[in-house]
1. Against the conditions (1) under 19 Å from Lys128 (Cα atoms); (2) assigned to a helix (DSSP H, G or I); (3) open to solvent by 60 Å² or more (accessible area, probe 1.4 Å), where does Val279 fall short? Just the number, please.
2. Mind checking which residues of segment 113-168 are within 25 Å of the chain's Cα centre (by Cα) and among the β-branched types (Val, Ile, Thr)?
3. If Ala229 passes every condition in (1) hydrophobic (A, V, I, L, M, F, W, C); (2) over 30 Å from Lys265 (Cα atoms); (3) open to solvent by 70 Å² or more (accessible area, probe 1.4 Å) but one, which one does it miss?
4. When the residues of segment 172-220 are narrowed to those that are outside any helix (DSSP H, G or I) and not polar (S, T, N, Q), which ends up modelled with the lowest pLDDT?
5. Name the one entry in Phe113, Phe84, Phe165 that is more than 30 Å from Glu290 (Cα to Cα) and at pLDDT 75 or above.
6. What pairs come up if the first residue lies in segment 39-50 and is of a type in the set (S, T, N, Q), the second is part of a helix (DSSP H, G or I), and their beta carbons are under 9 Å apart, counting only those six or more places apart or on different chains?
7. For the list (1) open to solvent by less than 30 Å² (accessible area, probe 1.4 Å); (2) under 21 Å from Val254 (Cβ atoms), I need the number of the one condition that Ile182 fails.
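The values are calculated or read from the model by the stated rules, or taken from the named source; none is laboratory data. Keep in mind the model is a prediction, meaning the values are calculated, not measured. Neighbour counts are summed over all protein chains in view; Cβ atoms, including those assigned to glycine, are modelled from backbone coordinates with ideal geometry. The protein model used for the area step is the full one, side chains on, heavy atoms only, and it has no ligands, DNA or RNA in it. Shrake-Rupley method; radii C 1.70, N 1.55, O 1.52, S 1.80 Å.
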Amino acid sequence: MHHEVSPGLWALAWRRLRADRIAMAALAVVGLFLLMLVLSSGGLVAADWEEEVAVNYAPPTLVGANPALAALAQPQRPTPPNAFDPLADELDTLKREVGRSHPPVAKALTLPFGADKWGHDILKKTVKGGETSIVVGLVAAFVAVALGTLFGAISGFYGGLVDDFFNWFYSIFTSIPSILMILTVAAVLQQKGVATIVLILGLTGWTGPYRLIRAEYIKHKAREYVMAADAIGASSWRKMFSHIFPNVSHVALVQVSILVVGFIKAEVILSFLGFGVPVGTVSWGSMLNEAQNELILGKWWQLAAAAGAMALLVTAFSLFTDALRDALDPKLK
């Protein structure tokens with residue numbers, strides 16, 4: 001006699017998710033950004049973002065070229081020799097060698113998304129900056145949620161002295177303003193780089209997920225299905241992460257979506273204060289930091305590109321995680 005196997009939690013969640021067109025569209029957008037991240041990190045796209053391909057502050061193509069910048073777009077003419085310069089011959093030789101390896105080319109007056117003050121292509125810069133910001137936002141959010149989930153699960157499930165210890169540890173972190181805690185960890189690490197930013201944000205952002213996950217574990221550990229798992233001899237870790245966690249995973253997913261947004265913003269603050277990405281590394285945060293000075297001159301395209309890319313990713317990620325939360329919620333049919 002054939003017995004049909006009922007679908008599991010994740011199979012049911014995927015079935016519900018596929019029925020949501022908005023969720024699948026948001027997943028496609030997030031997947032496109034992740035593909036861009038992979039191609040950029042592999043050097044297949046935006047590898048030459050630092051090349052000066054346009055005049056300074058070249059406007060977007062839709063705005064049109066500025067005739068006053070036409071002279072800057074032409075290759076620079078060599079300066080006439082100075083008979084009184086003792087190093088004129090040596091300098092002339094060096095210039096000829098550089099000219100043979102890097103011949104001067106005319107710079108573009110416009111680019112599809114414009115150029116910054118150095119003539120870098122804003123589109124390529126946005127793609128390369130997304131590599132840094134997406135890694136910081138996603139990895140730091142997963143680190144923070146993983147720590148918060150682990151601490152909250154242990155605290156809520158075991159209770160007693162274990163719960164008291166984690167609550168004391170939680171109180172220490174929450175008693176200090178978040179920006180001061182971030183700066184404290186940054187001062188202790190005393191290094192710049194993407195890994196440092198991830199550690200800073202991950203080690204200071206676990207308190208929110210911890211509080212919510214702990215409350216869910218306190219509520220679920222007395223449910224009938226956990227008692228049934230205990231009756232068949234399931235270990236504590238199996239009950240915590242094989243039985244309870246799938247039923248509270250929607251809380252962790254919501255926290256991931258919230259923290260990704262907050263951590264991308266926090267990267268802007270860290271870059272502004274000197275604890276962010278090092279010199280020579282571009283991110284959406286560093287682009288926004290540069291754009292605040294460009295706005296005074298009326299150059300808005302770098303701000304629009306970085307803010308637009310960030311808003312698109314954050315919106316798509318939030319819509320997808322909200323739909324995934326609803327699909328994983330066992331109380332929804």
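1. So Val279 meets the others, but not (2).
2. Answer for segment 113-168, where residues must be within 25 Å of the chain's Cα centre (by Cα) and among the β-branched types (Val, Ile, Thr): Ile122, Thr126, Val127, Thr132, Ile134, Val135, Val136, Val139, Val143, Val145, Thr149.
3. Result: Ala229 fails condition (3) only.
4. This residue is Lys192.
5. Answer to the check: Phe165.
6. Final answer for the pair search is Ser40/Val127; Ser40/Lys128; Ser40/Gly130; Ser40/Glu131; Ser41/Glu131; Ser41/Val135.
7. (2)
A quick yes/no check of all residues on (1) assigned to a helix (DSSP H, G or I); (2) under 17 Å from Gly202 (Cβ atoms); (3) open to solvent by 30 Å² or more (accessible area, probe 1.4 Å):
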position: Val261; (1), (2), (3): yes, yes, yes
position: Glu290; (1), (2), (3): yes, no, yes
position: Gln302; (1), (2), (3): yes, no, no
position: Ala305; (1), (2), (3): yes, no, no
